[in-house]
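Participant: Pasting a structure below so you can have a look.
The values are calculated or read from the model by the stated rules, or taken from the named source; none is laboratory data. What you are looking at is a predicted structure, and each value in this text was computed from that prediction instead of being measured. Every residue, glycine among them, receives a Cβ derived from its backbone with ideal geometry; neighbour counts consider all protein chains shown.
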Amino acid sequence: MNQKFLSFLFLSTLGLGPAAAQKAASTTYSAAGKTAHVFATVQGSNQRLAAGGDLKFAPAAQPLETQVCVFVDPNHSFQTMLGIGGALTDASAETFAKLPKPQQQEFLKAYYSPTGGIGYTLGRTTIHSSDFSSGSYTYVADKDEALKTFSVKHDEQFRIPFIKQVIAAAGGKLTMYVSPWSPPGWMKTTGDMLHGGKLLPQYRQAWANYYVKFIKTYEQLGIPIWGLSVQNEPMATQTWESCIYTGEEERDFIKGYLGPTLAKGGLGSKKLIAWDHNRDLLFQRASTVLDDPEAAKYVWGIGYHWYETWTGSSMLFENEKRVKEAFPNTNLIFTEGCKEKFDMAKVNDWALGEKYGNSMIGDFNAGTVGWTDWNVLLDETGGPNHVGNFCFAPVIADTKAGKLIYTSAYYYIGHFSKFIRPGAKRISASSNRDALQTTAYRNPDGSVAVVVMNQTDKPEEFQLWMRGQGAKTTAAAHSIMTLVVD
């Protein structure tokens with residue numbers, strides 16, 4: 001008997017009729033006759049997301065152990081890509097406003113055009129101020145528990161116009177979620193928006209109402225909101241806006257106040273994200289919240305950052321995998337990351353991009369569905385930031401010279417966001433050498449995008465091997481490449 005007939009018999013035993021069995025058997029992926037288009041970004045060269053020629057697949061037998069290979073199998077698929085993007089903060093909006101009009105248009109195209117730029121589709125913004133604002137502010141008057149004075153007038157100067165231009169540049173649609181850094185000071189144990197503190201029990205309902213007010217107000221102003229997180233970095237007492245929740249406190253706020261209030265306010269379809277802090281406590285927080293059915297029913301996903309514990313170690317990606325194993329129906333989303341301690345002299349540091357590439361490959365392979373960088377744009381000081389917490393962004397605006405500076409991080413992110421589109425399914429991808437890191441997706445149009453990164457000082461020849469078909473190429477030293485298979 002031939003293999004096709006055996007497959008037909010097997011599928012028939014599962015209750016599939018002849019037509020269904022034939023259709024299922026024919027979905028086996030083959031790279032035979034296909035072409036891989038290569039795009040590369042390479043240190044020490046002018047290659048930045050540069051087309052590098054085409055590779056033709058040819059029959060490839062069992063690889064030898066001495067051969068370096070990246071193995072990709074589109075027949076095994078995993079999570080669906082939500083999107084990739086960055087945060088649209090007050091700092092980004094204020095910096096954007098200082099640019100000349102041609103550079104503003106350049107910025108919008110560079111980030112949000114899927115053809116002329118890197119095609120961002122995901123965004124995050126803050127519920128009132130964060131450290132990346134020129135100062136602290138809220139949307140209500142002091143002690144206004146009924147929220148009668150609620151107004152986003154502050155945001156109408158810079159942030160709201162900026163977000164609207166971004167949405168237009170992205171083709172009229174951007175998956176946007178929102179996060180608070182702190183309740184108003186009068187709602188907290190410390191009486192202060194800054195320096196940590198906790199939400200006072202008597203204001204839990206008023207604070208839950210505040211989220212609803214914000215989302216509905218932004219939507220009335222033409223900015224659709226897809227989701228929200230409960231609290232940015234709920235275990236960090238910072239010099240800027242911050243508020244502490246233990247796992248139990250976040251769980252109880254979700255199930256007793258925020259979840260029911262969203263539902264009652266007609267916002268039950270908004271995607272609620274818990275944790276929104278570092279990878280180190282990821283499983284502990286996820287299990288505390290999700291092991292409670294009354295809290296879990298409101299939670300779409302668990303968000304995480306890369307700060308404090310980032311070493312490039314694969315151990316922290318294992319924490320993501322443990323959450324996905326224990327709670328397979330809950331989504332993982334990277335909600336924030338950036339290189340801290342801005343130094344203008346280091347904007348050309350290649351390690352900026354490699355930090356992003358390493359994280360994105362590890363995060364996606366661990367099951368993450370969406371990836372959100374921190375500020376999309378900052379000025380030549382790494383701000384504005386009202387407490388001096390200056391950081392890098394993938395694009396820096398020299399507001400004095402009126403020009404944009406693209407760091408290596410912009411290009412490294414682009415190797416994912418430009419070629420892996422919303423709705424893509426992650427597929428099996430592995431390397432047989434530590435020098436090459438990889439992940440791969442099959443896009444809704446059927447194309448396969450394979451990202452390969454080489455952080456070493458030496459070029460690495462390898463074969464892209466896909467189910468008995470191979471194409472040979474080289475990953476240059478300190479490079480990232482995306483191979484797009486028709």
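Participant: Exactly one condition in (1) touching a residue at least 12 places away in the same chain (Cβ under 8 Å); (2) closer than 30 Å to residue 422 by Cβ is not met by residue 116; state its number.
Facilitator: Residue 116 satisfies every listed condition except (1).
Participant: When you check residue 413 against the structure, is it buried (at least 21 other Cβ atoms within 10 Å of the Cβ), among the hydrophobic types (A, V, I, L, M, F, W, C) and under 18 Å from residue 87 (Cβ atoms), yes or no? Reasoning before the result, please.
Facilitator: Values: buried (at least 21 other Cβ atoms within 10 Å of the Cβ): yes; among the hydrophobic types (A, V, I, L, M, F, W, C): yes; under 18 Å from residue 87 (Cβ atoms): yes.
When the stated conditions are applied, residue 413 passes them.
Participant: Condition (residue is surrounded by fewer than 22 Cβ atoms within 10 Å (Cβ to Cβ) and either aliphatic (A, V, I, L, M) or touching a residue at least 24 places away in the same chain (Cβ under 8 Å) (or both)) applied to the stretch 122-131: is it met by at least one residue? Outline the logic, then answer.
Facilitator: Step one: filter the stretch 122-131 for residues surrounded by fewer than 22 Cβ atoms within 10 Å (Cβ to Cβ), giving none.
Looking through the stretch 122-131, none of the residues is surrounded by fewer than 22 Cβ atoms within 10 Å (Cβ to Cβ) and either aliphatic (A, V, I, L, M) or touching a residue at least 24 places away in the same chain (Cβ under 8 Å) (or both).
Participant: Condition first: part of a helix (DSSP H, G or I), modelled with pLDDT of 95 or more, of a type in the set (Asp, Glu) and surrounded by fewer than 19 Cβ atoms within 10 Å (Cβ to Cβ). Can you find one or more residues in the stretch 281-299 that meet it? So that I can check it myself, show each step before the final result.
Facilitator: So in the stretch 281-299, the residues part of a helix (DSSP H, G or I) come out as 282-290, 293-296.
Imposing the further condition that a residue be modelled with pLDDT of 95 or more reduces the set to 282-290, 293-296.
Keeping just the survivors that are of a type in the set (Asp, Glu) gives 294.
Within this subset, residues satisfying the condition of being surrounded by fewer than 19 Cβ atoms within 10 Å (Cβ to Cβ) are 294.
Yes.
Participant: When residue 412 is evaluated against the numbered criteria (1) over 30 Å from residue 100 (Cβ atoms); (2) in contact with a helix residue (DSSP H, G or I) (Cβ under 7 Å, 6 or more places away or on another chain), which criterion, by number, is the only one it fails?
Facilitator: Going through (1) over 30 Å from residue 100 (Cβ atoms); (2) in contact with a helix residue (DSSP H, G or I) (Cβ under 7 Å, 6 or more places away or on another chain) one by one, residue 412 breaks only (1).
Participant: From the residues in the stretch 41-79 that are closer than 14 Å to residue 462 by Cβ and of a type in the set (Val, Ile, Thr), which one is surrounded by the fewest Cβ atoms within 10 Å (Cβ to Cβ)?
Facilitator: 66
Participant: Looking at the structure I just gave you, is residue 248 over 22 Å from residue 86 (Cα atoms), modelled with pLDDT of 95 or more, surrounded by fewer than 16 Cβ atoms within 10 Å (Cβ to Cβ) and in contact with a Lys or Arg (Cβ under 7 Å, 6 or more places away or on another chain)?
Facilitator: Details: over 22 Å from residue 86 (Cα atoms): yes; modelled with pLDDT of 95 or more: yes; surrounded by fewer than 16 Cβ atoms within 10 Å (Cβ to Cβ): yes; in contact with a Lys or Arg (Cβ under 7 Å, 6 or more places away or on another chain): no.
No: the conditions fail for residue 248.
Participant: Evaluate the following for residue 447: is it hydroxyl-bearing (Ser, Thr, Tyr), modelled with pLDDT of 95 or more and closer than 18 Å to residue 357 by Cα?
Facilitator: Spelling it out, it is not the case that residue 447 is hydroxyl-bearing (Ser, Thr, Tyr), modelled with pLDDT of 95 or more and closer than 18 Å to residue 357 by Cα.
Participant: Something else about it: How many residues are within 30 Å of residue 426 (Cα to Cα) and among the charged types (D, E, K, R) when one looks only at the stretch 370-412?
Facilitator: Step one: of the stretch 370-412, the residues within 30 Å of residue 426 (Cα to Cα) are 370-377, 392-395, 406-412.
From the residues that got through so far, the ones that are among the charged types (D, E, K, R) too are 373.
Counting residues in the stretch 370-412 that are within 30 Å of residue 426 (Cα to Cα) and among the charged types (D, E, K, R) gives 1.
Participant: Look through the stretch 318-360, keep the residues that are hydrophobic (A, V, I, L, M, F, W, C) and more than 30 Å from residue 291 (Cβ to Cβ), and return whichever of them is farthest from the chain's Cα centre (by Cα). Even if it seems obvious, please write down each step before you answer.
Facilitator: Narrowing the stretch 318-360 to residues hydrophobic (A, V, I, L, M, F, W, C): 323, 326-327, 332-334, 338, 342, 344-345, 347, 350-352, 360.
Now narrow it down to the ones that are more than 30 Å from residue 291 (Cβ to Cβ): 338, 342, 344-345, 347, 350-352.
Values: 338: 12, 342: 22, 344: 25, 345: 27, 347: 22, 350: 21, 351: 19, 352: 16 Å.
Only one residue tops the list, namely 345.
Participant: Residue 139 is checked against (1) surrounded by fewer than 20 Cβ atoms within 10 Å (Cβ to Cβ); (2) in contact with a strand residue (DSSP E or B) (Cβ under 9 Å, 6 or more places away or on another chain); (3) within 25 Å of residue 217 (Cβ to Cβ) and fails just one. What number does that condition carry?
Facilitator: (1) is the only condition that residue 139 fails.
Participant: Assuming residue 400 fulfils every condition listed in (1) surrounded by 24 or more Cβ atoms within 10 Å (Cβ to Cβ); (2) charged (D, E, K, R); (3) over 30 Å from residue 448 (Cα atoms) apart from one, which condition is it?
Facilitator: (1)
Participant: Within the stretch 423-454, how many residues are buried (at least 19 other Cβ atoms within 10 Å of the Cβ) and of a type outside the set (Gly, Ala, Ser)?
Facilitator: Qualifying residue count for the region: 14.
The rows are residues; the columns are (1) not assigned by TED's automatic domain parsing to the domain that holds residue 442; (2) not aliphatic (A, V, I, L, M).
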| site | (1), (2) |
| --- | --- |
| 45 | no, yes |
| 54 | no, yes |
| 67 | no, yes |
| 70 | no, no |
| 97 | yes, no |
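Participant: Can you say whether residue 274 is surrounded by 22 or more Cβ atoms within 10 Å (Cβ to Cβ) and not charged (D, E, K, R), as far as the supplied structure shows?
Facilitator: Details: surrounded by 22 or more Cβ atoms within 10 Å (Cβ to Cβ): yes; not charged (D, E, K, R): yes.
When the stated conditions are applied, residue 274 passes them.
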